[in-house]
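S.K.: Quick one: structure below, then a few questions.
The values are calculated or read from the model by the stated rules, or taken from the named source; none is laboratory data. Just so it is clear, the structure is predicted and the values come from calculations on it, not from any experiment. In this analysis, Cβ positions are derived from the backbone assuming ideal geometry, glycine residues included, and neighbour counts consider all displayed protein chains.
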């Protein structure tokens, strides 16, 4: 980590100059928030070539936009980037080297969708829901050369409502990050002096989730865990899925926990007037409320476990 203890005392003439490294919905939200903030001015912005937000960005001549394909290209463009006061990273998928971090005279910060150090790594919002956390935590931490290891500058949490899916959580997280950014830009000198280091003993890395991870484990999960799993990876993500003993593939977008459980063999389908109910192996059952079968689900079908 680059030591900038003395640089935090630098007198800044408003607006604060910013270098952005962004991607995805969070990156787009941060960009839109920053462009409406009079305290800061974007000098340059880097986005991945694979990003879907490029056409949604306001392409004015007020800043330089650089599109890269991989981390190697990121390190090769450092000479093209002017120095700024602060680097701001949101949803950016590539590792950021000290060469790029040195472009910030004060600090580089990352907006991370999880509490640190317990939820380092990928898909932290999904994992918090899957793990049954009562509160969703988020962090703004100092950028370091290793992922998510920098000192924590600001953090926040909010209650995970029972009916919320991942899209509801993401919308709330975006609003929370706007509040945290406002606080940071208003008082960054004090916040940087009071930042906290992360405990190595409590650190946990979670892997990035992909569509293949969406198979529902009916055997080792009760109805609540199945419910949390499904809502954690629903729209805008590929969703959960199950494969019936008949070989039919079923995409599962939403389930409801049965107040009066259907019991029996794990993964067994029991169709009632309100729809198909599935027996969970560790207790309880769920009703499929939004799903996409290739053919009709029938009583007696069984999801493979």
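S.K.: Which one of the conditions (1) closer than 21 Å to residue 177 by Cα; (2) assigned to a strand (DSSP E or B) does residue 32 fail to meet, given that it meets all the rest?
M.R.: Among (1) closer than 21 Å to residue 177 by Cα; (2) assigned to a strand (DSSP E or B), the lone unmet condition for residue 32 is (2).
S.K.: I've got another one for you. Please determine whether any residue of region 196-211 is over 27 Å from residue 25 (Cβ atoms), out of contact with any strand residue (DSSP E or B) (no Cβ under 9 Å at 6 or more places or on another chain) and without any contact (Cβ under 8 Å) to a residue 24 or more places away in the chain.
M.R.: yes
S.K.: Considering only residues that are part of a helix (DSSP H, G or I) and over 20 Å from residue 145 (Cβ atoms), look in region 42-98 and name the one that is farthest from the chain's Cα centre (by Cα).
M.R.: Out of the qualifying residues, it is 80.
S.K.: For region 175-202: of the residues being surrounded by 15 or more Cβ atoms within 10 Å (Cβ to Cβ) and assigned to a loop (DSSP other than H, G, I, E, B), which is farthest from the chain's Cα centre (by Cα)?
M.R.: Going through the qualifying residues, I end up with 195.
S.K.: In the set 106, 96, which member is buried (at least 21 other Cβ atoms within 10 Å of the Cβ), in contact with a helix residue (DSSP H, G or I) (Cβ under 9 Å, 6 or more places away or on another chain) and assigned by TED's automatic domain parsing to the domain that holds residue 163?
M.R.: Answer to the check: 96.
S.K.: Among the residues of region 150-194, count how many are over 16 Å from residue 32 (Cα atoms) and free of Cβ contacts under 8 Å to residues at least 24 places away in the same chain.
M.R.: Count: 8.
S.K.: Within region 153-174, how many residues are surrounded by 15 or more Cβ atoms within 10 Å (Cβ to Cβ) and either closer than 30 Å to residue 254 by Cβ or under 17 Å from the mean Cα position of the chain (by Cα) (or both)?
M.R.: Final tally of qualifying residues: 13.
S.K.: Among 34, 46, 68, which is the only one that is in contact with a helix residue (DSSP H, G or I) (Cβ under 6 Å, 6 or more places away or on another chain) and surrounded by 17 or more Cβ atoms within 10 Å (Cβ to Cβ)?
M.R.: 68
S.K.: Given the condition loosely packed, with under 14 Cβ neighbours inside 10 Å and in contact (Cβ under 8 Å) with a residue 40 or more places away in the chain, answer yes or no: does some residue in region 262-275 qualify?
M.R.: Taking every residue of region 262-275 in turn, none turns out to be loosely packed, with under 14 Cβ neighbours inside 10 Å and in contact (Cβ under 8 Å) with a residue 40 or more places away in the chain.
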